[in-house]
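For reference, the structure is listed below as structure tokens.
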Amino acid sequence: MTLLPKDRDLGWTPYAWLVYLAFFAIAPFAMGSSPRTQLLSLAGAVAILPVYFWSYWQAGRRVIWVVAIFVLFGTFFARMNPAASVFVTYAACFLGQAGEPSVGFRYLGVLLGVVGLESWVLGLPSDYWAPALFFAALLGSVTIHYAQRRRLTARLLAAREQSEHLAKIAERERIARDLHDLLGHTLSLIVLKSELASRLAETDPVRAAHEIRDVERISRDALAQVRAAVRGYRSAGFESELRQAREALQAAGVQVETAVQPAPLSPTQESVFALALREAVTNVVRHAQATVCRLTLRQDGSYCELEIADNGRGGSLEEGSGLSGMRERVEALGGILERDGSHGTLLRIRVPV
């Protein structure tokens, strides 16, 4: 066990404060006091050292014990060694560890009252209680304020570390959501295009070659989008996503109906709508077993609304990671995401514009 807690703010200050204890030990020799007083003062200085270093480990209500021990030492030595007032000063200097300033100053008031009262009742000399009260009030106030500043600094550092930690988590979640949305849709489209090209390879080589070129283009686009997602930028835009959605649905043999009206979307809203369209179409292609899919974008009063509806099997409303990520993005914009699986699947997103 070390003498002091691991606190870089303490430094060598606790050792520097011991100079006052040295004054207490030397005072009887300088004043020509009796050998008994000299010996007792030396013994007292040595005996208080463990208490002194132990005090740095105390906090909260345990500081009361620190104060009590130092006051008892001061009272015992007050008549034989005027420098015993240093013990009261030490007691006051540890009050910053008691808690918030209101607690520290309340304890300081009690300390000053107790020292003043006992000095009057016991008739202790003024060269003990006068410096004891003065320096205890002065240094006690200073250390209480300093301790509060250290606590506030520690809280700020902890808050900053927590903020950085949460930012890292949010960034990891963002990248995970974006990669899920990007790759889930794109890989499904590549599989569909590849299967189509394989079927057409013998019967229609020209169209098969066209599908393979589409696979190459889609793969390059996906690579660029993955890089953009890692850098922090989102989709290429709603129009581009709508075009890819048509391609994916048609490649899967799903008839596409679109009703898209111009809407005053901000870049962030457009990105959210584009990613939502991508996720929804991917689910239609993979799971819906639909033959028709209707894509609608319109402005309804102060809201912009995107609907993706299919005539597939519908069913369970359990949310996977893609849908939950989509909901988080929509709600972050103050919007609403609704899903109905009673007749096929209807996904409706409303965002204020």
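The values are calculated or read from the model by the stated rules, or taken from the named source; none is laboratory data. No experiment lies behind these values; they were computed from the predicted model shown. Because the Cβ atoms are built from the backbone with ideal geometry, glycine has one as well, and the counts that use them run over all protein chains shown.
Summary table
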quantity	calculated
Contacts under 8 angstrom Cβ, first residue in region 260-282 being free of Cβ contacts under 8 Å to residues at least 60 places away in the same chain and outside the structural domain of Val330 (by TED's automatic domain parsing), partner part of a helix (DSSP H, G or I) and of a type outside the set (Ser, Thr, Tyr), 6 or more apart	none
Filter pass, Ser41 being in the same structural domain as Glu118 (by TED's automatic domain parsing), among the hydroxyl-bearing types (Ser, Thr, Tyr) and without any contact (Cβ under 8 Å) to a residue 12 or more places away in the chain	no
Ala68, sole failed condition from (1) in contact with a Gly (Cβ under 8 Å, 6 or more places away or on another chain); (2) closer than 28 Å to Ser34 by Cα; (3) among the small types (Gly, Ala, Ser)	(1)
Number of the condition not met by Val71 [criteria: (1) in contact (Cβ under 8 Å) with a residue 40 or more places away in the chain; (2) surrounded by fewer than 16 Cβ atoms within 10 Å (Cβ to Cβ); (3) not polar (S, T, N, Q)]	(2)
The lone exception for Pro267 - which of (1) modelled with pLDDT of 85 or more; (2) out of contact with any Lys or Arg (no Cβ under 7 Å at 6 or more places or on another chain); (3) exposed (fewer than 13 other Cβ atoms within 10 Å of the Cβ) it fails	(1)
Unmet criterion (only one of (1) on the phi < 0 side of the Ramachandran plot; (2) free of Cβ contacts under 8 Å to residues at least 12 places away in the same chain) for Thr296	(2)
Test result for Phe77, under 19 Å from Met31 (Cα atoms), at pLDDT 90 or above and out of contact with any Leu (no Cβ under 6 Å at 6 or more places or on another chain)	yes
When residues of region 138-180 are limited to those that are among the basic types (Lys, Arg) and either in contact with a Pro (Cβ under 7 Å, 6 or more places away or on another chain) or over 30 Å from Trp57 (Cβ atoms) (or both), the one surrounded by the most Cβ atoms within 10 Å (Cβ to Cβ)	Arg177
Checklist (1) assigned by TED's automatic domain parsing to the domain that holds Gln299; (2) modelled with pLDDT under 85 applied to Arg243, failing item	(2)
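Quick grid of which residues meet (1) surrounded by 16 or more Cβ atoms within 10 Å (Cβ to Cβ); (2) in a helix (DSSP H, G or I); (3) among the aliphatic types (A, V, I, L, M):
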residue: Gln38; (1), (2), (3): yes, yes, no
residue: Ser41; (1), (2), (3): yes, yes, no
residue: Gly44; (1), (2), (3): yes, yes, no
residue: Ile48; (1), (2), (3): yes, yes, yes
residue: Trp54; (1), (2), (3): no, yes, no
residue: Arg62; (1), (2), (3): no, yes, no
residue: Trp65; (1), (2), (3): no, yes, no
residue: Thr75; (1), (2), (3): yes, yes, no
